[in-house]
1. Taking the Cβ of each residue in Thr330, Thr63 as the centre, tally the other Cβ atoms inside 10 Å and list the residues starting with the fewest.
2. Percent antiparallel among DSSP beta bridges with both residues in region 459-574, to the nearest 5?
3. Using only the Cα atoms of region 459-574, build the gyration tensor, take square roots of its eigenvalues as a ≥ b ≥ c, and label the shape rounded, prolate or oblate: rounded if a/c is under 1.5, else prolate if a/b is larger than b/c, else oblate.
4. Would you list the membrane-span-like helices of the chain, meaning whole DSSP H runs whose alpha-carbon atoms span at least 20 Å along their axis and whose mean Kyte-Doolittle value is at least 0.5?
5. Starting from the Cα gyration tensor of the chain, take the square roots of the eigenvalues, sort them a ≥ b ≥ c, and report rounded, prolate or oblate (rounded when a/c is under 1.5, otherwise prolate if a/b is larger than b/c, else oblate).
6. Work out the charge dipole of the chain with +1 on the Cβ of Lys and Arg and -1 on the Cβ of Asp and Glu about the Cα centre, then indicate which of Leu109, Phe400, Ala560 is farthest towards its positive end.
7. So, by mean Cβ neighbours within 10 angstrom, what's the order for 501-510, 550-559, 470-479 with the highest one leading?
8. For region 96-224, what class follows from the C-alpha gyration tensor (a ≥ b ≥ c being the square roots of its eigenvalues): rounded when a/c is under 1.5, otherwise prolate if a/b is larger than b/c, else oblate?
Amino acid sequence: MKTFFSDGSPKETGLAFVLIALLFAGWATFSHLGDFPLLSPDEGRNAEVAREMKVDGRWLVPTYDGAVYLDKPAFFFKATALSLAAFGDNEAAARLPSALSAFALLLLLMVFCQKVYGRLTAAMALVVVASTPLFMAFSRIVIFDMMLALWVSAAILLAYLAEEVDGAKRRQRYLLATLCAGLATLVKGPVGFLVPLLVMAVFHGLERHGRAIRSFFHPGHILLFLGVVLPWFVGLSIECPDFPYYGIMKESIARFTTTEFRRTQPAWYYAAIIGGCFFTWSTLLPGAIHQLIKRRFELHRADRLFIVWALVVVIFFSLSQSKLPGYILTGVIALGVLVARILARALEGGDPVALGLVRRGLLTLCIVSLILLGPLLMVVLTPEDVPKPRWLTPSAMMQFAPVIPGFILSLGATTVMALIAFLKQSARGALVAYLIFPVLLLTLNFEVIPRHAEIKSGHSIVNRLPPAVTEETEIACLACMPPGVPFYLGRLMTVFTEEGRELTSNYVIFSLASGKSWPPRLVPWASRDAYLEKTEHPLFLMATGERRDELVLRGERVGAPVVALANGYFGVLLPAGNP
């Protein structure tokens, strides 16, 4: 009897099912792109870098608030700048490159899975990956990870397919894989080629396929990779001579080996990310892992690839001193394909192993959903005069209480459907149960995302600016810089700072610490009084609550009141030449 791990090809499914899955993937990827403000700090900063690139046409050297910004390569910013030029300076246009990258990645997975496994697995891969919360999040935010995931995944899959053929086709696929690794490097630096190289080296090492590993370093592949990457690297190094040291030693090696970037997390961090950000599909993983260990010698070759892929990505970034959820995005995608394999076999109905995995997963999903329901029900049912849990602050209650009933309904429906499918042993019912929560996350419960974004976005600050603040008014900040405000205002801001940390740019801090001249819009903290005395136009000065007293003192000198903005920011409008 064949299992879902075996090399046997599954039965073909109808083309209509694949088309439905494709429509679902498009909806899950592109819906709501412009329906919430830019998040801080990453989205607000990245969108502004792209806007400045569009305005000044400096396609090689990105800038942020006029300061050179070399924390990441320019490729992603160029794509976003082109989108802004085509569709305007708005959230949807800024997020479009990430969404297009996500959809292209889903198409890539569909083509690969259909070729290797068959239509049903291809359709399920689309559905599973597109409905993963981590994938849904990174497909609609202005950040590098989804575009990086596209090119890294393409490099891995093409390198795998290259060993399936001989002659000219093999060479062509390896060249395309090399090109994709080069493009991934242009998106986010060395990690773009290191991840596919590590994944395929470990995979072929376990397969005892040394010839394939040697193929990676063919002179033609090295020349093509250098031809893609070197023009950018050399050109940027000429413009900014300190870039080679910063890009290699600081942004790559120091990020991986030291705590300098303040993104350290515990060893179990990515296990928690997979458990939460791969939900609801993560409830299938415990049983699947057990079966993979038990039947490891019966695996399809492509299954072994996806297992190695997920493990290498998670282990590699777990070793890093800098950890963020997006780092393991491609690993989660690999897990999504493995889950799709299980579901496809279960839907066919002839694989008792797959059906057993789905049943156990349903029971786990039912239990987890009930556990998650507990705190939400406690919030709703607890009388107002009873003290709330410490984690439920008054501001959080005011912001998110209206959306709690929607999440209760989602988890309740998931629990009921999972239990019904478990009792009836229905694979189709299981698919419905697994999809309820992610589908309702983008429909019934979507309001939680704009509510969260307003707390973290510069959009709400701009909306609260006094009417007297016009285009002629200079906007300045005391030891702060709310990300997104320059993008929504469409202009640069003045920042009074001690070391440039307010720009959330490690390169700016490195540059100022190394003695380079200060960018025009950054003013040394000790020089703020002299700067304000020389202003020849009105200036709106902003600060957080920690420096509100200084705003009050400056406002009292000129009879200007301090106004509350949003998200803990305050401001005062000063006339020209008044400190």
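1. Lowest count first: Thr63, Thr330.
2. Details: 8 of 18 bridges.
Bridges in region 459-574 that DSSP calls antiparallel: roughly 45 percent.
3. Numbers: a/c = 1.69, a/b = 1.40, b/c = 1.21.
The shape class here is prolate.
4. Numbers: long enough: 15-30 (22 Å, 2.34); 42-56 (21 Å, -1.36); 91-116 (38 Å, 1.43); 145-162 (25 Å, 1.89); 167-188 (32 Å, 0.21); 191-206 (22 Å, 2.23); 219-239 (29 Å, 1.59); 301-319 (27 Å, 1.84); 329-348 (29 Å, 1.69); 352-381 (42 Å, 2.10); 404-424 (30 Å, 1.78); 427-441 (22 Å, 1.90).
Those that pass (Cα extent of 20 Å or more, hydropathy at least 0.5) are 15-30, 91-116, 145-162, 191-206, 219-239, 301-319, 329-348, 352-381, 404-424, 427-441.
5. Values: a/c = 2.42, a/b = 1.42, b/c = 1.71.
Since a/c reaches 1.5 but b/c is at least a/b, the shape of the chain is classed as oblate.
6. After comparing all options, I get Leu109.
7. Packing proxy ranking, top to bottom: 501-510, 470-479, 550-559.
8. Details: a/c = 2.09, a/b = 1.36, b/c = 1.53.
It comes out oblate by the Cα gyration axes.
Each reported figure results from applying straightforward, stated rules to the coordinates on display, with no laboratory input. Only a predicted model underlies this, so the values are computations on that prediction, with no experimental measurement involved. For neighbour counting, all protein chains shown are included, and Cβ atoms are generated from backbone atoms with ideal geometry for every residue, glycine included.
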